[in-house]
1. When both residues are 6+ apart or on different chains and their Cβ atoms are under 8 Å apart, which pairs have a first residue that lies in the stretch 191-206 and is not assigned by TED's automatic domain parsing to the domain that holds residue 230 and of a type in the set (D, E, K, R), and a second that is in a strand (DSSP E or B) and surrounded by 20 or more Cβ atoms within 10 Å (Cβ to Cβ)?
2. Any idea how many residues of the stretch 290-307 are in contact with a Pro (Cβ under 9 Å, 6 or more places away or on another chain) and crowded, with 18+ Cβ neighbours inside 10 Å?
3. Determine which single condition residue 103 fails, assuming it passes every other condition in (1) at pLDDT below 80; (2) in a helix (DSSP H, G or I).
4. If we scan the stretch 308-326, do we find a residue that is more than 24 Å from residue 234 (Cβ to Cβ) and either at pLDDT 90 or above or not assigned by TED's automatic domain parsing to the domain that holds residue 410 (or both)?
5. Which of the numbered conditions does residue 237 fail, given that it passes all the others? Conditions: (1) more than 24 Å from residue 332 (Cβ to Cβ); (2) touching a Ser or Thr at 6+ places or on another chain (Cβ under 7 Å); (3) acidic (Asp, Glu).
6. Can you name the residue in the stretch 400-421 that is part of a loop (DSSP other than H, G, I, E, B) and over 13 Å from residue 385 (Cα atoms) and, of all such residues, is modelled with the lowest pLDDT?
7. Go through (1) within 23 Å of residue 304 (Cα to Cα); (2) surrounded by 21 or more Cβ atoms within 10 Å (Cβ to Cβ) for residue 341 and report which single condition fails.
Amino acid sequence: MCARLGAQDGGLLEGPSLQKLLETVLAVRPGGQVFLTPSLGPHWGHRIEDRGGRPVVLPDEDPHGLESLRAALDGAGPGVQMWLDLGGPAAPGNDPEALDAILGLAAALPDPPLVVLLRDDAAARVRTHRLAVDRPGQVLLLRETAGGRAYALGRPGLVAELAAAAGWNPDPAPWAPLAPGRAGAPLLVLDVDGVLIDPGRALVETVAATLAELAPEVAWNDGEFQALKRTGGFNNDFRLTAVVLALVEQGERQGFAAAWARSPHLENRVLELEASCTPVVRKHYAVLRRLLRPIVTRGQLEAFPGELAIFTGRPPQEQVAVSEVLGFALPMVGDSAPHLRKPRPEGLIQLADAFRAGRITFVGDSCDDADALRLARSLRPDLDWSFGAVGPDRAMIAQAQDLQGATLADLLAQMESGDRP
């Protein structure tokens, strides 16, 4: 597990499971009382006791009401925690006013308790990122990802406290510190390859060289590469290479896009191979990155009347390399965890919350980019989302309401002229 710090408004703590993260939360304040909403009592009560805590299940008759909480917290000693279940039809997350009131009560106490918001919360999902980083007091959101892993989101100081309690050394920040931002200012989020940077043949040749080393029996070609990219789910080339290797182990030698559609059972093997083939991909990419060229200038971007950020399938470690090619740096959310891998929308939502943006345009060149924007729109309908499609596949991935342009410069010109859907 590792702490992910660096965003002004929020830090991330990643873990292999929700259980491990909750054990870390308990380690911050060992032996204290932990007030639980009733749905959490049967599953988590004994686990809290095992870790030296004292579980207190709130009354069934009004588990999320302020009077119950006031009574429960009255006279409670230091080190108190409050775990709220955001899932289920009666959860506080489905009543925004009630949840806001609960958090306000907790923050107003002389010794504010640590409030832990649990579960992937259905209707409350559109608000939980902001609840975790934009409220007074001490609030953590713990959420499970699709792959069974988990992460905690909260203010950087609180996340650092968790990391210290477990004896972890925080990793370097996965994105540049975010500027405070002008509340409500438009936000332009940009993909890297094909939008900010022309990779030339660097990515194609990197995958080809890796497969030539690891699976020389495969007759790999550019058509196979493009076909996989267009199926979606291949926004980073570590995963693309691992999928090909998994299919080769299964006896496939060509037609990998179609073969992958028939092979969802290989996902666990892909994860294993991704870890082992990543160093080889990086080795070949280090040689071929000289082919990268910037597509836009800083001056062109500065003409945009709002905030700028990056959401990319590249890992955070490549932020410096991206900045070197561009000649300048932008705040960046990269592929550092499963929930930040496109087409999942959490990276876009995290940036929207961090910048307090009400209007967001995301520019990309792949179906994964387009899908991430549309999922973000469905999860946060309170925000104004737009997608801009660029590159050779723009007509394939764009919908009627989307912007289209051959390059980012073309889209910037359209936006400056007011030609926006």
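The values are calculated or read from the model by the stated rules, or taken from the named source; none is laboratory data. Computed from a predicted structure; not experimentally measured. Reconstructed Cβ throughout: ideal geometry from the backbone, glycine too, with neighbour counts over all protein chains shown.
1. 191/310; 191/311; 191/362; 191/363; 191/364
2. Within the stretch 290-307, residues that are in contact with a Pro (Cβ under 9 Å, 6 or more places away or on another chain) and crowded, with 18+ Cβ neighbours inside 10 Å number 2.
3. All conditions pass for residue 103, except number (1).
4. Taking every residue of the stretch 308-326 in turn, at least one turns out to be more than 24 Å from residue 234 (Cβ to Cβ) and either at pLDDT 90 or above or not assigned by TED's automatic domain parsing to the domain that holds residue 410 (or both).
5. So the condition that residue 237 fails would be (1).
6. Ranking the qualifying residues of the stretch 400-421, first place goes to 419.
7. Result: residue 341 passes all but (1).
Per-residue answers, yes or no, for (1) among the aliphatic types (A, V, I, L, M); (2) under 16 Å from the mean Cα position of the chain (by Cα); (3) within 25 Å of residue 202 (Cβ to Cβ):
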{"position": "302", "(1), (2), (3)": "no, no, no"}
{"position": "310", "(1), (2), (3)": "yes, yes, yes"}
{"position": "322", "(1), (2), (3)": "yes, no, yes"}
{"position": "328", "(1), (2), (3)": "no, no, yes"}
{"position": "353", "(1), (2), (3)": "no, yes, no"}
{"position": "363", "(1), (2), (3)": "yes, no, yes"}
